[in-house]
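Below: the structure, in structure tokens.
All of the numbers you see were taken from the coordinates with simple rules; none came from a lab. What you see is a predicted model, and the numbers here were worked out from it, not measured in a lab. Please note: Cβ atoms are built from the backbone with ideal geometry, for glycine as well, and neighbour counts cover all protein chains shown.
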Amino acid sequence: MKYIADLHIHSYYSRATSAEMTLEGVWRWAQLKGISVIGTGDFTHPGWFKEITEKLEPDESGFLRLINPAQTHQIPEKCKLSINFVLTSEISCIYSKKNAKTRKIHCIVIAPDVASAAKINLTLSKIGNLKSDGRPILGIDAKELLRIVLEVSDRALFVPAHAWTPHFSVFGAASGFDSLEECFEELTPHIHAIETGLSSDPPMNWRLSLLDNITLISNSDAHSPIKIGREANIFDTALTYDEMLKAIKTKKGFLGTIEFFPEEGKYHFDGHRLCGICLSPKETIRYGYICPKCKKKLTIGVMHRVLALADRENGLKPNGAVDFKSIIPLNEIIAEVLNSNPTSKKVINEYYKMLTLLGNEFEILLEVPVEEIAITCGEKMAEAIKRMRHNNIHISPGYDGEYGKVRIFEDKNINKLNHINGQLSLF
């Protein structure tokens, strides 16, 4: 069967995370979004793991289900789904044993069952403090973390998280590596997937032949409920843990991803947020990697880093590469149509109205005919979603921790999307 999965979120035990990121809250919002499989996030945290074992129960699929679902009247009838949880956690590895350089690598661990997660937690508790944060910081080589996971279960999955983010990723400009082999050495064959992150998309990753055999997955890394599903994965398999795992490892049954427009990601371009400086890779090179305003080092973004490691021209799609669809979150589209804030009461009311009339968010963004949207929600809303589907939008790229600014209806002061990626060349 065809279904959507978001395999990287956080609980309210993680720093800077909404108190609404409870199991009940995630269960509810997964349905509003149209997500059938959702990660638990943060299973390494003792408090959250206790809640997982008390509130979720395994079934024959290998997934977990909420034992006592919340009041279903809060969920529009057209959005109701059976929600399957899978045990996931993000771990921050910070170490300085590789080539005399400090490495900061974030990794996603997906466990096949509660017993395996408990074994991973027991081992990691001897290395660092798992109580300090839902995403613990451990002084351990990412390769050694991979070894620990493999020793617990061959049905577990280890994925480098948001692989291009400058400061905390396997390919990051500030603390990463130039290849998976440099990071994971002889254990590299056990890396079957990477998470591309919000600031890159599949075509950017296709430019590296070293990733041809790697499955490119996308997840929301959500810290609040409304962010769930801003990126996700599309499968067509039996709805079981083992079939989902097999699809990620082999790409058979993995149909592709739902993507943030990468320009909207907060590390897409280079720059210096404090000075308001946003630069393309060419401009950064021209300025000698120094902020032209304050003369401090620039933060090198994802596009620059991809171009530095790329061995292909832009536009080539490798054999076996799967498709993807780029979206703008529905509340952001509504906010522009209504000229309001994405979290305002007016926008949220319209959001629930659309879900009640048309179905879950992914159905509205990707499937509902624009003619039906026009009849139920107005011509401008229909036009906005039509433009998004055709990539006819305008984005001022994100940089140095600042999200990009998206406009659907033309603003002559904002660069048109098609003018950003296609014309860049580092050298």
## Note on the structure
Per the helix-only model, the chain has a calculated mean residue ellipticity at 222 nm (DSSP H runs of ≥4, -39500 (n - 2.57) each, divided over all residues, rounded to the nearest 500) of -8500 deg cm²/dmol
### Query
How about segment 272-308: which trypsin sites (Lys or Arg not before Pro) there lie in a loop by DSSP and see at most 12 other Cβ atoms within 10 Å?
Lys293, Lys295, Lys296
### Query
If you take every DSSP beta bridge whose two residues both sit in segment 226-381, what share of them, in percent to the nearest 5, is antiparallel?
65 percent
### Query
If you take the C-alpha gyration tensor of segment 146-230, multiply each eigenvalue by 5 and take the square root, what semi-axes do you get, largest first, in whole Å?
21, 17, 13
### Message
Please compute the volume of the convex hull spanned by the alpha-carbon atoms of segment 268-324 and report it per residue in Å³.
### Response
95 Å³
### Query
Using the per-residue mean of other Cβ atoms lying within 10 Å as a proxy for protection, in what order, highest first, do the peptides 354-360, 251-257, 192-198 fall?
192-198, 354-360, 251-257
### Task
Could you tell me which GluC sites (Glu not before Pro) in segment 239-288 are loop residues by DSSP with no more than 10 other beta carbons within 10 angstrom of their beta carbon?
none
### Task
May I ask you to evaluate 6.51 cos²θ - 1.76 cosθ + 1.60, the Karplus curve with θ = phi - 60°, for each residue of segment 141-151 and list the ³J(HN,Hα) values in order in whole Hz, giving x for glycine and proline?
4, 4, 4, 5, 5, 4, 4, 4, 5, 5, 5
### Calculated P(r) of segment 329-389 - Cα pairs past 15 Å, %
40 percent
### Query
Which aspartates and glutamates does Lys317 reach when only Cα atoms under 15 Å apart count, and residues fewer than 8 places away in its own chain are ignored?
Asp201, Asp212
### Message
Please compute, for the alpha-carbon atoms of the chain, the extent along each of the three principal axes and give them in descending order in Å.
### Response
58, 56, 41
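Determine the shape class of segment 1-77: with a ≥ b ≥ c the square roots of the Cα gyration tensor eigenvalues, call it rounded for a/c under 1.5, and otherwise prolate if a/b is greater than b/c, oblate otherwise.
Note, shape of segment 1-77 comes out rounded.
Pairs Lys98/Lys295; Lys2/Lys33; Lys55/Lys252; Lys98/Lys297; Lys2/Lys227; Lys33/Lys143: which are spaced more than 27 Å apart, C-alpha to C-alpha? Present the calculation step by step, with values, prior to reporting the outcome.
On the way: Lys98/Lys295 30 Å; Lys2/Lys33 15 Å; Lys55/Lys252 33 Å; Lys98/Lys297 23 Å; Lys2/Lys227 22 Å; Lys33/Lys143 35 Å.
In this structure, Lys98/Lys295; Lys55/Lys252; Lys33/Lys143 exceed 27 Å between Cα atoms.
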### Summary
Any trypsin sites (Lys or Arg not before Pro) in segment 13-86 that lie in a DSSP loop and have at most 16 other Cβ atoms within 10 Å would be Arg15, Lys80
### Query
Taking neighbour counts of Cβ atoms within 10 Å as a proxy for exposure, in what order, fewest first, do Val86, Val370 appear?
Val370, Val86
